[in-house]
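J.: Mind looking over this structure? Questions follow.
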Amino acid sequence: MRYADGPTVHEEVHIQAAPPEVWKMVTDIGLPARFSPELRRAEWLDGATGPAMGAAFAGHNHNPVLGEWRTVSHVVALEPERVFAWAVTDPDGRYGGGPADPAHPMATWTFALEPAAGGTLLRLSALLGPARSGISLAVDRMPEKEEAIIEHRLGDLAAGMRTTLQGVKDLVEGRA
C-alpha cells in the first residue's frame, strides 16, 4: 500500500431514521467535532452558512503525534439526502504541497446515505491524497515503513469514523 495509490477507509452504521433526519446531522459541519478524536471544531468560511457546492469551511484539528493544524475544506459533492463530500486542503502550506487546491486535496471525505431496512445506512469514507499531508512527512522520514505508516493512519481514521458514526446514530435515535 502506497500513499500515491490513494488509500481509502470507510465505516458504516444503520440508523433507525429516514434519510432526511440523518441528512440534517451529517451536513452540520460542527457535529463531527463532538465525537471525533482529531477534529476539534469547524466553521463555515467566506459567508457560507451551510453546505453548498464549492462552499468552504475551516477545520481545527489535534493529534497527539501530529500536533495541531488547520485545514480548509471545500464541498465537492452535494446530493441532498444522499451524498455530502468535501476535499481537504492545506491552507498554511504545512506539508509542502503547494497552494491549497480542492482539485488536488490531502484527503476527500464523504458521507453517503442510503435508505435501508426501514432506516438509513450511513457510510463515512476517506480517500487519502493525492496532495501531501502529515502522512507524507512521516513517509519522508521513514520511506521503508510507508505501508506500515499508512496502515496505522487508516486504522486511526477508521476508529474515529466508528466513534463519529455511533455518535450520529445515538443523536438521531434519541440516545444522546
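The values are calculated or read from the model by the stated rules, or taken from the named source; none is laboratory data. Computed from a predicted model, the values in this text were never measured in an experiment. Cβ sites come from the backbone with ideal geometry, for glycine too, and all protein chains shown count toward neighbours.
J.: Checking the conditions here, which among A112, A85, A103 is among the small types (G, A, S) and under 20 Å from T49 (Cβ atoms)?
T.: On the way: A112 fails: under 20 Å from T49 (Cβ atoms); A103 fails: under 20 Å from T49 (Cβ atoms).
Only one candidate passes the filter, namely A85.
J.: Then there's this: Count, please, the residues in region 76-116 that happen to be within 12 Å of V26 (Cβ to Cβ) and either part of a loop (DSSP other than H, G, I, E, B) or at pLDDT below 95 (or both).
T.: 3
J.: Given the residues E43, E38, which is the only one that is acidic (D, E) and surrounded by fewer than 17 Cβ atoms within 10 Å (Cβ to Cβ)? Walk me through it before giving the result.
T.: Details: E38 fails: surrounded by fewer than 17 Cβ atoms within 10 Å (Cβ to Cβ).
Matching residue, one of E43, E38: E43.
J.: Yes or no: region 6-19 includes at least one residue that is surrounded by fewer than 15 Cβ atoms within 10 Å (Cβ to Cβ), at pLDDT below 95 and within 30 Å of E146 (Cα to Cα).
T.: No, because not a single residue in region 6-19 is surrounded by fewer than 15 Cβ atoms within 10 Å (Cβ to Cβ), at pLDDT below 95 and within 30 Å of E146 (Cα to Cα).
J.: Please go through (1) surrounded by fewer than 18 Cβ atoms within 10 Å (Cβ to Cβ); (2) of a type in the set (A, V, I, L, M, F, W, C); (3) in contact (Cβ under 8 Å) with a residue 40 or more places away in the chain for L124 and return the number of the only condition it doesn't satisfy.
T.: (1)
J.: Counting only residues that are closer than 16 Å to R132 by Cβ and touching a residue at least 24 places away in the same chain (Cβ under 8 Å), how many does region 41-72 have?
T.: Looking only at that region, the number is 4.
J.: Within region 152-173, which residues are within 17 Å of the chain's Cα centre (by Cα), surrounded by fewer than 17 Cβ atoms within 10 Å (Cβ to Cβ) and not small (G, A, S)?
T.: H152, D156, R162, T163, Q166
J.: If you check W69 against the conditions, is it modelled with pLDDT of 95 or more and either under 12 Å from the mean Cα position of the chain (by Cα) or more than 20 Å from L171 (Cβ to Cβ) (or both)? Talk me through it step by step, then tell me what you get.
T.: Details: modelled with pLDDT of 95 or more: no; either under 12 Å from the mean Cα position of the chain (by Cα) or more than 20 Å from L171 (Cβ to Cβ) (or both): yes.
So W69 fails the test.
J.: Looking at S136, S125, can you tell me which residue is farther than 30 Å from K169 by Cβ and among the small types (G, A, S)?
T.: Working: S125 fails: farther than 30 Å from K169 by Cβ.
Only one candidate qualifies: S136.
J.: If you don't mind, another one. Would you confirm whether any residue within region 22-43 is under 19 Å from T71 (Cα atoms), touching a strand residue (DSSP E or B) at 6+ places or on another chain (Cβ under 7 Å) and of a type in the set (F, W, Y)? Give the steps one after another, and end with the answer.
T.: Pass one, region 22-43, residues under 19 Å from T71 (Cα atoms): 26-43.
This time we only want the ones that are touching a strand residue (DSSP E or B) at 6+ places or on another chain (Cβ under 7 Å), so: 26-27, 29-30, 32-33, 38-43.
Next, from what is left, pick out any that are of a type in the set (F, W, Y): none.
The answer is no, given that none of the residues of region 22-43 is under 19 Å from T71 (Cα atoms), touching a strand residue (DSSP E or B) at 6+ places or on another chain (Cβ under 7 Å) and of a type in the set (F, W, Y).
J.: Related question: Just one of (1) within 18 Å of L165 (Cβ to Cβ); (2) acidic (D, E); (3) out of contact with any helix residue (DSSP H, G or I) (no Cβ under 9 Å at 6 or more places or on another chain) trips up E81, so point out which.
T.: With respect to (1) within 18 Å of L165 (Cβ to Cβ); (2) acidic (D, E); (3) out of contact with any helix residue (DSSP H, G or I) (no Cβ under 9 Å at 6 or more places or on another chain), E81 is out only on (3).
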